[in-house]
Amino acid sequence: MLQVLLWDVDGTLAETERDGHRVAFNRAFEAFGLPWRWDEVRYGELLRVTGGRERLLADMAARADAPVLADEREALARELHRLKNGFYAELVYGGGIPLRDGVRELIEAAAARGLRQGIVTTTSRVNVDALLARHLGAGWGDRFAVVVCGEDVAAKKPAPECYRRALAALRLEPLAALAIEDSCSGTTAARGADVPVIVTRSAYFAEDIVDQAVAIGPGLHTRRGWQPAPAPRADAAVTVDDLVDWHARMEWVGAHG
Ligand code: XBP
Ligand code: MG
């Protein structure tokens, strides 16, 4: 039986990447006097690397003008990441990063049904806090029975550690949970911990080949375009009953863009 919803953050709760983290990284480069800029296409490639600091290091590995020594790169990545997080918080508090349509409603409907919820992300805690405090209020943490962030794990998604930690904290078996993810790396992380997952496609992962979800669709705001199709209901958006049905059916689906 479904007992907890485990929400991913970036791409799932909000489209944080293109207009949030990416823009903030570019401001950090500028503030640091670096000529580096990540356009939307390059950032899409870099998103294969999870973790902002790790993403910076991956980019530096491909640059001729990055520091040569590994510890200098590490120090630069740490400093740029710290600056980036500050700019990201500014963007979030300025109202530039709304929740995706249907997210707030589903969080509230699940809570009203007594379903527990958790956050399972490999993003830094400060960024999760900025986004959720802005949209759910300073007491946002009270809504979630567990919050696992990037700092809590040795290996970020697609490693399953973040999901295993959440389950251990909740004292639940994987099949009691349903993960809500937007990317392949998130889906792989959930499946690696045996947690069933639905995929709500986001801008950067709209075309990705996804395997082993119990449902894949274009967003929580609509019941159209989901595979498997939800049972006929009057609602326009994905409902808690749809989640319960998909979880109970546990029919593995994949999608090739
Ligand atoms: C998203 C990520 C993060 C963000 C940036 O993970 O990979 O690295 O892009 O955040 P998820 P940080 O979808 O699991 O939330 O700079 O804090 O890493
Ligand atoms: Mg995501």
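Helices assigned as whole DSSP H runs in the chain whose Cα atoms extend at least 30 Å along their own long axis and whose mean Kyte-Doolittle hydropathy is -1.0 or higher are found at 70-93. For segment 1-81, the Stokes-Einstein estimate of translational diffusion at 20 °C and a viscosity of 1.002 mPa s comes to 154 µm²/s, using the Kirkwood hydrodynamic radius over alpha-carbon pairs. Only protein atoms count toward the accessible area here, which uses a 1.4 Å probe; on segment 17-93, the carbon and sulfur part of that area reaches 53 percent. Solvent-accessible surface of protein heavy atoms, probed at 1.4 angstrom with all chains present, puts GLU207, GLU72, GLU79, GLU181 in the order GLU207, GLU72, GLU79, GLU181, largest first. When both bridge partners sit in the chain, DSSP labels roughly 20% of those beta bridges antiparallel. Under the criterion of Cα pairs below 8 Å and six or more residues apart, the relative contact order for the chain equals 22 percent. Ligands, DNA and RNA aside, LEU136 has an accessible area near 20 Å² when probed at 1.4 Å. Residues MET60, MET250, MET1 ordered from highest to lowest accessible area at a 1.4 Å probe: MET1, MET250, MET60.
Compared with the direct C-alpha span, the chain from LEU34 to GLN212 gains 59.9 nm at full extension, assuming 0.36 nm per residue.
The mean sequence separation of alpha-carbon pairs under 8 Å and at least six residues apart, normalised by the residue count of segment 17-93, gives a relative contact order of 45 percent. Applying a DSSP loop filter and a limit of 13 other Cβ atoms within 10 Å to the trypsin sites (Lys or Arg not before Pro) in segment 75-166 leaves ARG113.
Only DSSP H runs of four or more residues enter the estimate; each adds -39500 (n - 2.57), and after division by the residues of the chain the mean residue ellipticity at 222 nm equals -12000 deg cm²/dmol.
Specify the longest stretch of the chain that does not include any exposed loop site, a site being one of the chymotrypsin sites (Phe, Trp or Tyr not before Pro) with a non-H, G, I, E, B DSSP assignment and at most 16 other Cβ atoms within 10 Å. Answer - 33-251. In this structure, ALA234 and GLU105 have a Cβ-Cβ separation that, at R0 = 22 Å, corresponds to a calculated FRET efficiency of about 0.90. Once the 1.4 Å probe is applied to the protein heavy atoms, the chain comes out at 44 Å² accessible per residue.
The values are calculated or read from the model by the stated rules, or taken from the named source; none is laboratory data. All figures in this text were calculated on a predicted structure; none of them were measured in a lab. Counting neighbours? That spans all protein chains shown, and the Cβs are built from the backbone with ideal geometry, glycine included. Remember, those area values only see protein heavy atoms, side chains included, never the ligands or the DNA or RNA. Shrake-Rupley method; radii C 1.70, N 1.55, O 1.52, S 1.80 Å.
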